[in-house]
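Enquirer: Here it is: the structure, laid out below.
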Amino acid sequence: MKKILLLIVFVLFLSNAKAQIDPVKYPTYTDIDAAILSKKTVYSMSFRDKGLYNLPADLIKLDSLFFLNLMANHLEKMDKVIFSLRELEILNVNENGIKFIPDGIGELKKLKTLSMNLNSLTAVNSEISKLQNLKVVHFDSNNLSVFPEALLDIPSLEEINLHSNQISYVSDRLDKIKNLLYLNLSANQINDLGEVKLPKQIKYLELQKNSIVKIPEAVFQSGNMEFLNVSDNAITQISPKIRALKNVVSMNLANNRLRDLPEDIQYLKKLKTLILVGNPMTKETIANLRDLMPQTIIYF
Amino acid sequence: MKKKLLSVATLLLIANSAIQAQTTIFDKASSWRYDDKGVQLAGQWKNPGFDISAWSSGNGPLGYGDPVTTTIAKPLNTAYFTKDFTVNLADLSATMELGVMRDDGIIVFLNGVEIVRDNMPAGEITYETLSSTTVDGANESIYNVFSIPRSKFADGVNRISIELHNRGAGSSDLRMDAYLKTVPDNGFDKGSSWSYDDKGVQLAGQWKNPGFDISAWSSGNGPLGYGDPVTTTITKPLNTAYFTKDFTVNLSDLTATMELGVMRDDGILVFLNGVEVVRDNMPAGEITYETLSSTTVDGANESIYNLFSIPKANFVQGVNRISIELHNRGAASSDLRMDAYLKNAAPPVVIPPDTSCNDGNHISCFTSIVPTAQTSKLIIPTQHKYQLILKEGDSYTEGGGFVGGQNDFTGYVAKKNGGMPSSTDGYLSVNHETNPGGVTMAEINFNAATKLWELTKSRAVDFSGTSLVQTIRNCSGGVTPWGTIVTAEESVTGNDTNGDGYKDYGWFVEIDPATAEVSSKNANGTKGKLWQMGIMNHENVVVNDAGTLAYYGEDGGTHMVYKYAMDTPNDLSSGNLYVLKLDQGLTNGNPVATTATWIQVPNKTQADQNNTTSLAESLGGTRFNGIEDVEISPVDGKIYFTAKGLDKVYRLKDNGTTASEVEVFVGGGSTVYNLHTADGVKSEAWGDGNDNLTFDELGNLWVLQDGGKNYIWVVAPDHTQANPKVKLFASMPAGSEPTGLTFTPDHKFGFFSIQHPSSSIATDVDATGNTINYKGKSATIVIALKQNLGIHGSLGTIDHAIDHVIVSPNPTSGIVQINSGNLKNFEVTAYNLLGQIVFKKSFSETDSITEVDLTTQFLYSNMLILNIEADGFQKTVKLLKK
């Protein structure tokens, strides 16, 4: 029994250490030849900014890699060799010209972080839902037009960043992503979130720079929410149900069409920061709100 | 640091301004008289004076079946067009350019004389004669270019007549349009016609010689290539494409040097009359079809016309042939493109000589390097030398691991000697802008005897510990007045691996160089990041001398400038945060007004600290583009900052809650500065990518460039845009950018890094005299005036030597003989590779042969550097062990 416990602790320790990518324990190689010739196991490899159009075929030999950075090259597709690296935990292909994710992505079962910012994706392959250890996905600045449905089947996800796409439709079953803490859907083309249900755990929600007219009721049921940014939308009023956001610390409502806020906002006792600049509010309204919420700093 | 925020528009602007003014005699879409009656005309129809008053008229393109402005009768075998135009012969160029869009064949007459027959058979031509081939697809729309000698024209009124022949009366289309313009004398213009070979094979060496038969080559107007916008698309993929053209010059009209502008993606060799005159972005040595360019050209650099000076002596009277081989970075590359022009060089600008460096003893005293594209080597002024300190992949001397890549901020922190900061003994902190990130902490000493820096220790800064979660993309940073390093994480991530409530990355982290450990602390005493300074794509930080204010900017994200007022001096852990708002914003990258306000940004709760940028944005901060660095001038106390995407350096006076005197200090992508170089006065555009900034104590602003040509510029403190004082210090080796310059307190030495040089750069010899190789590896170097770094003479190579003084044998097992002749005050010094003196002996008089025994020294070294000095003589020899 003790032994098993020890083993578990050891495994936990190992995975923790790996996640931290200590540059001394896991030096990152930047030259494929040096990595192949290395007598030590190579865990981390970075080809950032190497001007690559394709990946070196020899990469297949580095089958212990858990970290691979391919950022800022000229890749137009994800070469097969990537999917042979079954130990990969962190994959960064930001700033390339990738148009689609091949089926092979489903092979990277240990993947925890997938970053594909600044590419040309129009969809996310549903094979990605096979990655049940995935915690973080970044698809910022692509050409996605809907919230990738496959993500709904990855309850392990803690962070989803989809800002600066063209998303106009978001599934109402976001609550299926049970562990989700951070969701960023800013700078998309959302005008209606419908009857969206949010995961209970959600802590940071960023919806700024869309065309949202009304904050969905479900947002106000997120009792764990600490930070809400709905600035730069077309919101005309806030529901009194906002009082349920009892853990919210910072709220950014800037640049909307709000003339006033419901009095229930005074029950947000943890709210320290409230940004209201760019709303058609009078000085009297602001003064009243300041009286109502002495513990909150209001920026107007 | 990395993001290439390039201003294509400004570069195109420069490119355009380089075109010589040109006279169009008649333009595309001009008016023509035409006969579409479908019968043979009398032979005189084409002569001047032939009565065309009854003919119809309309603007080009004229025809039918394809888009036309004027529709003529159909079907026709032949249509006849004519027009009169007036010229002043003296204004015409030696050859005139006639462009004709023709579907299908044409014969062109000028004043009744045939000057062009294109896609038509030889011999007599009638109304019934059909064109030789069908013209279709894209060829229907191109303007075929013909050169017409000035001698064919008459002073005053001329008549051009064109008969346009169909491929068959049954053909669905027939179309014609034309233009006539001058071409620059003694050269050729952008977009002109080239013959090209795109067969994808090696050509015989003679291909570039005048007289080589290119009649079977294709031709088309520039730009030619594929994958980027081109006028003429050539076959792909290619490693190399070959272009050639003949042009006529009158030698007496040429300037002493001619300006050749070439847009090239990626590398070129240019031959004039068979002689190589330009090699750009290509390796040295023999070049074949398979040879790839040295670096990838992309972004805005693909569209720049790179300028080269070709001496008049390379030209011949009359017809010259220019031949360009264009090499790709790889056959798999998606694009390949070339266009060029040649013209008389603009007369040199007279600027007053630089008198700022009369004593020549300050690091800022140098003659500008000659403007250049990046070459295979680091280029610094002849007054300076450099020494390689460390490079990517070097093993750490302590703690295991090796030096990371993407060397970025390079901070010298002086150790204290008797309470005074030392300029010869310090720490050198080098950021690694990688993911995962890291910081190398080295300890370095200056050896007064060898005048070289020695690295005594190197190790990785320890970012382990669950309260830290390591660091990523350590970009730039700063050295604090209290002797710590602040490293800046350029990437923000949202995940919170250790569950401490803070996002893991996107923060400043403070490091104690003595322990190579993080010195910033959390409230509970664990190691932490500088949370109150906020999360963003941190780039750099500068702290004022009083230790009360810090300034920094975001590269990406909000692109804003921030100020942080510390609660306690010399303590970055708590303070108030402000964002800069220009009172009237920016127009075209220029401040509309000279005033600004510092707006407070909430930074006291974790939720706010984790979301600095979206809060600053909502509060109205001014968005620049790529704030790469902020510095404080030691001369005027103003705050200077770069915006890489706007290609400018700004400055302002900080008044506390407001700022004033906001202005552009230097730059603008298309702003051209004149430079005194060893080759005389040269001009160079500021270009893209102003990035890291550093002041020396005299107030010279050193500007490191990422993008453009990756120079280091130096701007004098009394520089203004109206009265520019700009010098060019360095050009980085191919593929690399300079990063993170800092100076020793005495400003004798400057440390910076050469980030991501290409693997095709050349080896070099640095101040140690050793051959250094940092191909494909980021490197950190020190620069200084020659007299302050390394022993005199150019080591490794034999320079200014008296040939008959020879050291032999070499390689040796230990005893060597020097045929020293009768030199006076002869002294031999041997150094090992660490720069340490291992042997020294003086001889007041010498025989013809002097023997030196280095057997013991060679027990510990495989190579020694011998410095041989005597009255009026100095020589350095690399001595190898047998």
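The values are calculated or read from the model by the stated rules, or taken from the named source; none is laboratory data. Quantities reported herein were computed from a predicted structural model and do not represent experimental measurements. All Cβ positions, glycine included, derive from the backbone under ideal geometry; neighbour counts span all protein chains shown.
Enquirer: Just give me the residues in region B:470-490 being surrounded by fewer than 24 Cβ atoms within 10 Å (Cβ to Cβ) and either assigned to a strand (DSSP E or B) or at the interface with chain A (Cβ under 9 Å from one of its Cβ atoms) (or both), in sequence order.
Expert: Residues satisfying the conditions are B:470, B:479.
Enquirer: Considering each of B:661, B:628 in turn, give the residue that is among the charged types (D, E, K, R), in contact (Cβ under 8 Å) with a residue 12 or more places away in the chain and crowded, with 19+ Cβ neighbours inside 10 Å.
Expert: B:628
Enquirer: Could you run through region B:443-469 and say how many residues are within 14 Å of another protein chain (Cβ to nearest Cβ) and either among the hydroxyl-bearing types (Ser, Thr, Tyr) or under 20 Å from residue B:389 (Cβ atoms) (or both)?
Expert: 7
Table: residues versus (1) modelled with pLDDT of 85 or more; (2) closer than 21 Å to residue B:203 by Cβ.
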{"position": "B:291", "(1), (2)": "yes, yes"}
{"position": "B:295", "(1), (2)": "no, no"}
{"position": "B:307", "(1), (2)": "no, no"}
{"position": "B:312", "(1), (2)": "yes, no"}
{"position": "B:317", "(1), (2)": "yes, no"}
{"position": "B:322", "(1), (2)": "yes, yes"}
{"position": "B:325", "(1), (2)": "yes, yes"}
{"position": "B:330", "(1), (2)": "no, yes"}
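Enquirer: Of the conditions (1) touching an Asp or Glu at 6+ places or on another chain (Cβ under 7 Å); (2) within 23 Å of residue A:249 (Cβ to Cβ), residue A:210 satisfies every one except a single condition; which number is it?
Expert: Unmet condition: (1).
Enquirer: I would also like to ask the following. I'd like to check which strands (runs of 3 or more DSSP E) are fully inside region B:62-103 and have at least 1 residues that are surrounded by fewer than 17 Cβ atoms within 10 Å (Cβ to Cβ) and among the hydrophobic types (A, V, I, L, M, F, W, C).
Expert: Counting at least 1 such residues, we get B:78-87.
Enquirer: Say whether the condition of being at pLDDT 90 or above, within 14 Å of another protein chain (Cβ to nearest Cβ), in contact with a Cys (Cβ under 8 Å, 6 or more places away or on another chain) and under 30 Å from residue A:35 (Cβ atoms) is met by at least one residue in region B:405-414.
Expert: Within region B:405-414, one or more residues are at pLDDT 90 or above, within 14 Å of another protein chain (Cβ to nearest Cβ), in contact with a Cys (Cβ under 8 Å, 6 or more places away or on another chain) and under 30 Å from residue A:35 (Cβ atoms).
Enquirer: Run residue B:847 past the list (1) at pLDDT 75 or above; (2) assigned to a loop (DSSP other than H, G, I, E, B); (3) closer than 15 Å to residue B:805 by Cα and report the number of the one that doesn't hold.
Expert: (1)
Enquirer: Also, quick follow-up: Condition test on residue B:297, is it of a type in the set (Val, Ile, Thr) and either more than 14 Å from every other protein chain (Cβ to nearest Cβ) or surrounded by fewer than 19 Cβ atoms within 10 Å (Cβ to Cβ) (or both)?
Expert: So residue B:297 fails the test.
Enquirer: Is it the case that some residue within region B:340-357 is modelled with pLDDT of 90 or more and either under 23 Å from residue B:698 (Cα atoms) or not aromatic (Phe, Trp, Tyr) (or both)?
Expert: Yes: region B:340-357 contains one or more residues that are modelled with pLDDT of 90 or more and either under 23 Å from residue B:698 (Cα atoms) or not aromatic (Phe, Trp, Tyr) (or both).
Enquirer: Restricting attention to region A:113-150, which residues are of a type in the set (S, T, N, Q) and either part of a strand (DSSP E or B) or free of Cβ contacts under 8 Å to residues at least 24 places away in the same chain (or both)?
Expert: A:113, A:115, A:120, A:122, A:143
Enquirer: A further question on this structure: Please state which one of A:50, A:99, A:39 is free of Cβ contacts under 8 Å to residues at least 24 places away in the same chain, within 17 Å of residue B:401 (Cα to Cα) and out of contact with any Phe, Trp or Tyr (no Cβ under 9 Å at 6 or more places or on another chain).
Expert: A:39
Enquirer: How many residues are farther than 13 Å from residue A:273 by Cα and within 8 Å of another protein chain (Cβ to nearest Cβ) if we restrict to region B:618-627?
Expert: Adding up the residues that qualify gives 1.
Enquirer: Could you pull out every one of the strands (runs of 3 or more DSSP E) wholly within region B:541-606 that has 2 or more residues that are under 18 Å from residue B:486 (Cβ atoms), free of Cβ contacts under 8 Å to residues at least 12 places away in the same chain and in the same structural domain as residue B:671 (by TED's automatic domain parsing)?
Expert: Filter on region B:541-606 gives B:561-568.
Enquirer: Go through (1) away from every other protein chain (no Cβ under 13 Å); (2) more than 26 Å from residue A:284 (Cβ to Cβ); (3) touching a helix residue (DSSP H, G or I) at 6+ places or on another chain (Cβ under 8 Å); (4) polar (S, T, N, Q) for residue A:208 and report which single condition fails.
Expert: The single condition residue A:208 does not satisfy is (1).
Enquirer: Still on this structure: Which members of region B:530-540 meet the condition of being touching a Leu at 6+ places or on another chain (Cβ under 7 Å) and assigned to a loop (DSSP other than H, G, I, E, B)?
Expert: B:530, B:534
Enquirer: On to the next question. Determine which member of the set A:14, A:55, A:68 is at pLDDT 90 or above and either more than 11 Å from chain B (Cβ to nearest Cβ) or in a loop (DSSP other than H, G, I, E, B) (or both).
Expert: When all the criteria are applied, what remains is A:55.
Enquirer: Counting only residues that are among the charged types (D, E, K, R) and part of a loop (DSSP other than H, G, I, E, B), how many does region B:726-755 have?
Expert: 2
Enquirer: Are there strands (runs of 3 or more DSSP E) fully within region B:287-345 with at least 1 residues that are of a type in the set (Ser, Thr, Tyr) and more than 18 Å from the chain's Cα centre (by Cα)? List them.
Expert: Fully inside region B:287-345 and qualifying: B:318-327, B:336-344.
Enquirer: Every residue in region A:214-245 that is of a type in the set (D, E, K, R) and within 14 Å of chain B (Cβ to nearest Cβ), please.
Expert: A:226, A:232
Enquirer: Something else now. Would you mind stating whether residue B:149 is at pLDDT below 90, under 42 Å from the mean Cα position of the chain (by Cα), closer than 30 Å to residue B:85 by Cα and crowded, with 17+ Cβ neighbours inside 10 Å?
Expert: no
Enquirer: Select from region B:119-152 the residues that are of a type in the set (Val, Ile, Thr) and not in a loop (DSSP other than H, G, I, E, B) and list them in ascending order.
Expert: If the condition is that a residue be of a type in the set (Val, Ile, Thr) and not in a loop (DSSP other than H, G, I, E, B), then B:145, B:148 are the ones that fit.
Enquirer: While we're on this one: Just checking, how many residues over region A:151-166 are in a loop (DSSP other than H, G, I, E, B), of a type outside the set (Gly, Ala, Ser) and farther than 14 Å from residue A:116 by Cα?
Expert: Qualifying residue count, region A:151-166: 5.
Enquirer: Moving on to the next point. Can you pull out the residues in region A:114-166 that are touching a helix residue (DSSP H, G or I) at 6+ places or on another chain (Cβ under 9 Å), acidic (Asp, Glu) and either within 16 Å of residue A:178 (Cα to Cα) or within 14 Å of chain B (Cβ to nearest Cβ) (or both)?
Expert: Listed by number, the residues that qualify are A:149, A:153.
Enquirer: So how many residues does region A:251-290 have that are surrounded by 22 or more Cβ atoms within 10 Å (Cβ to Cβ), aliphatic (A, V, I, L, M) and within 12 Å of chain B (Cβ to nearest Cβ)?
Expert: 7
Enquirer: Hey, another quick one. Please tell me if residue B:674 is at pLDDT below 95, surrounded by fewer than 21 Cβ atoms within 10 Å (Cβ to Cβ) and in a strand (DSSP E or B).
Expert: yes
Enquirer: Just the residues that are in contact with a Leu (Cβ under 7 Å, 6 or more places away or on another chain) and more than 27 Å from residue B:307 (Cα to Cα), please, taken from region B:694-715.
Expert: Correct list: B:694, B:695.
Enquirer: Is it the case, given these coordinates, that residue B:693 is more than 22 Å from the chain's Cα centre (by Cα) and of a type in the set (A, V, I, L, M, F, W, C)?
Expert: The answer is no for residue B:693.
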